[in-house]
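Shown next, in structure tokens, is the structure this report addresses.
The values are calculated or read from the model by the stated rules, or taken from the named source; none is laboratory data. Predicted model only: the values in this text are computed from it and were never measured. Glycine gets a Cβ as well: all are built from the backbone with ideal geometry, and neighbour counts include every protein chain shown. All accessible areas refer to the heavy atoms of the entire protein, side chains included, with ligands and DNA or RNA removed. Shrake-Rupley method; radii C 1.70, N 1.55, O 1.52, S 1.80 Å.
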Amino acid sequence: MRKVDLCLSSEGSEVILATSSDEKHPPENLIDGNPETFWTTTGMFPQEFIICFHKHVRIERLTVQSYFVRTLKIEKSTSKEPVDFEQWIEKDLVHTEGQLQNEEMVRDGSATYLRFIIISAFDHFASVHSISAEGIVISNLS
């Protein structure tokens, strides 16, 4: 089986929920594969978004590119519906003035959904530029 970026919309992934949306920076930008686009929060924390894979996947490496994110919690679910999330990763990110935070997390995990919760930020707003999940498809949902 080949390893792919499971979070790309071109691989069938979809953002099914986001707590904020700006028409110039919608949640779909998280998984479009374009480094020039991003999703932005609209103030107030926590903020979250959920990515649906529409299949069972095994993630081996997760990379989040963001700006102003202070504390990020990632939960996963292997259910057919976006329920029964369990905490997977929680991380305090380092503020990088003038450049993107590039956080790479190596941690195996199976999922059908990932929920990203921005618990706090270094400013009133934060942005997430891309989510990349390197891994393989285990099976289709049936």
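For region 4-140, the Cα gyration tensor yields ellipsoid semi-axes of 22, 15, 14 Å (square root of five times each eigenvalue, largest first, whole Å). Loop-located GluC sites (Glu not before Pro) in region 11-73 (DSSP state not H, G, I, E or B) with no more than 14 neighbouring Cβ atoms inside 10 Å: 23, 36.
Overall, the chain carries a charge dipole of about 380 debye about its Cα centre when +1 sits on the Cβ of Lys and Arg and -1 on the Cβ of Asp and Glu, all other atoms neutral.
Can you give the accessible area per residue of the chain, in Å², using a 1.4 Å probe?
Numbers: 7330 Å² over 142 residues.
Ligands and nucleic acids excluded, the figure is 52 Å² per residue.
For the chain, leaving out every one of the trypsin sites (Lys or Arg not before Pro) that falls in a DSSP loop and has at most 15 other Cβ atoms within 10 Å, the longest unbroken run is 81-142.
Using the Cβ atoms and a cut-off under 12 Å, what net charge is assigned to the surroundings of residue 13, where Lys and Arg are +1 and Asp and Glu are -1? So the surrounding residues net to -4. Within the shell of other residues whose beta carbon sits under 13 angstrom from the beta carbon of residue 103, the net charge comes to +2, with Lys and Arg scored +1 and Asp and Glu -1.
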